[in-house]
Amino acid sequence: MIQKTYHTDFMGNAFETALKEVMESDAYQKAAQVLLLVFEQNWDVDKIQEKMAHIQEMLPKAEVVGITHYEEEIWGLKLKNRSVLNFLFFENPAFTMQRYDLHKNSEREVGEKMCQNFQKVQSLKGVMLLISEYMMNMDDLISEAGKELRDIPVFGGTALLNQEADKPIGYIFDKEGCYTQKAIAVLFHGENLHMKVSYNYGWTPVGKKMKITKMDGDFRVLEIDKKPAMEIYNKYLGLQTADTIQVPNICEFPLVINRGGLIVARVPMYGDEEGAICFGA
């Protein structure tokens, strides 16, 4: 496998240069399969679909899967309206894509369906999940999807929301369309394919262990150690009101949870007037 990554503007000169360079490359010409993974800082559905159509015209061999993300950073400088194009060129057929509807089914039901389909794939080596819904119970979905997959990594991410929109929304997309309330699974398989998965955790737990003592649903934490959850951020960071519980203020100070021996960071998305804090997936 050969990998090539480009950081480009949305559809300007750098984008066109990247597509032309790939189209003319030996890696593209000789590949049995090409996967293009796109990280997109643009939430305009029409523009995303225009971009996908152009990629399909230039690179018909490439299968495309993409997800919205926010604030790409290069050398400490935050950039907007950018695209990351990550090309994977495979010498042999190595992946299959599946789509799942999240609208009519619970997370566990979707995970069960995934698990059934995943088991049918010969020489499965790993599964990448891209999911449009940020507020989902990913624990339930992933535990069901990977229940029968011993030593098979299941990884991926959820679409980030457009924080500047009146109604924040995130998208996943492929050459067929741009979606909300859906998941796309990329199944990597093949006898000669090998995968190495690492987990890069950027924080060190400090302070005492705390217990969530009251919740409202899967995402809204009402009490921690029998006190209003927002008091944690008031005590340590001086954030006293609901409107100060914002991602830019607290992204470097997540709460962490122990999930089966794996430490996972969770950044609250917002606080409310009742002193609760809400977490995404």
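For segment 222-275, list the strands (runs of 3 or more DSSP E) that sit wholly inside it and hold at least 1 residues that are closer than 17 Å to V206 by Cα; which are they?
Fully inside segment 222-275 and qualifying: 255-259, 262-266.
Conditions (1) open to solvent by 20 Å² or more (accessible area, probe 1.4 Å); (2) closer than 25 Å to L160 by Cα, marked per residue:
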| residue | (1), (2) |
| --- | --- |
| E21 | yes, no |
| E24 | yes, no |
| Y28 | no, no |
| A31 | no, no |
| E40 | no, yes |
| Q56 | yes, yes |
| L88 | yes, yes |
| E91 | yes, no |
| E107 | yes, yes |
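Scan G156, G207 and give me the residue that is at positive phi and in a strand (DSSP E or B). Break it down stepwise before answering.
Details: G207 fails: in a strand (DSSP E or B).
Checking each option against the conditions leaves just G156.
Looking only at segment 159-194, filter to residues that are of a type in the set (K, R) and either part of a strand (DSSP E or B) or under 23 Å from V64 (Cα atoms) (or both); which one of those is most open to solvent (accessible area, probe 1.4 Å)? Talk me through it step by step, then tell me what you get.
The first filter runs over segment 159-194 and keeps only residues of a type in the set (K, R), leaving 167, 175, 182.
Going one step further and asking which of them are either part of a strand (DSSP E or B) or under 23 Å from V64 (Cα atoms) (or both), we end up with 175, 182.
Numbers: K175: 43, K182: 60 Å².
It comes out as K182.
So how many residues does segment 18-43 have that are under 20 Å from the mean Cα position of the chain (by Cα) and of a type in the set (A, V, I, L, M)? Talk me through it step by step, then tell me what you get.
Step one: filter segment 18-43 for residues under 20 Å from the mean Cα position of the chain (by Cα), giving 35-43.
Imposing the further condition that a residue be of a type in the set (A, V, I, L, M) reduces the set to 35-38.
The number of residues fulfilling the criteria is 4.
Would you say G146 is out of contact with any Leu (no Cβ under 9 Å at 6 or more places or on another chain), under 22 Å from R259 (Cβ atoms) and in contact (Cβ under 8 Å) with a residue 12 or more places away in the chain?
Taking the combined requirement at face value, the residue satisfies it.
What single numbered condition from (1) in contact with a Lys or Arg (Cβ under 7 Å, 6 or more places away or on another chain); (2) at pLDDT below 95 fails to hold for F87?
(2)
Restricting to segment 111-123, give me the number of residues that are open to solvent by 20 Å² or more (accessible area, probe 1.4 Å) and at negative phi. Break it down into steps so the answer makes sense when it comes.
Residues of segment 111-123 open to solvent by 20 Å² or more (accessible area, probe 1.4 Å): 112-113, 116-117, 119-123.
Applying the additional criterion that residues be at negative phi yields 112-113, 116-117, 119-122.
Total satisfying the criteria: 8.
Is one or more of the residues making up segment 130-138 crowded, with 16+ Cβ neighbours inside 10 Å, in a loop (DSSP other than H, G, I, E, B) and touching a strand residue (DSSP E or B) at 6+ places or on another chain (Cβ under 6 Å)?
Among the residues of segment 130-138, at least one is crowded, with 16+ Cβ neighbours inside 10 Å, in a loop (DSSP other than H, G, I, E, B) and touching a strand residue (DSSP E or B) at 6+ places or on another chain (Cβ under 6 Å), which makes the answer yes.
Quick one: how many residues across segment 215-274 are among the β-branched types (V, I, T), open to solvent by less than 60 Å² (accessible area, probe 1.4 Å), within 22 Å of the chain's Cα centre (by Cα) and closer than 20 Å to D139 by Cα? Can you show your working first?
First, pick out the residues of segment 215-274 that are among the β-branched types (V, I, T): 221, 224, 232, 241, 244-245, 247, 250, 256-257, 263-264, 267.
When the remaining residues are screened for being open to solvent by less than 60 Å² (accessible area, probe 1.4 Å), the result is 221, 224, 232, 244-245, 247, 250, 256, 263-264, 267.
Filter once more, so that each one left must be within 22 Å of the chain's Cα centre (by Cα): 247, 250, 256, 263-264, 267.
Those left that are additionally closer than 20 Å to D139 by Cα: 256, 263-264, 267.
Adding up the residues that qualify gives 4.
The values are calculated or read from the model by the stated rules, or taken from the named source; none is laboratory data. Keep in mind that what you see is a predicted model, and the values were worked out from it rather than measured. Note that each Cβ is placed from the backbone with ideal geometry, even for glycine, and that neighbours are counted across all protein chains shown. Calculation scope for accessible area: heavy atoms of the full protein, side chains included, ligands and nucleic acids excluded. Shrake-Rupley method; radii C 1.70, N 1.55, O 1.52, S 1.80 Å.
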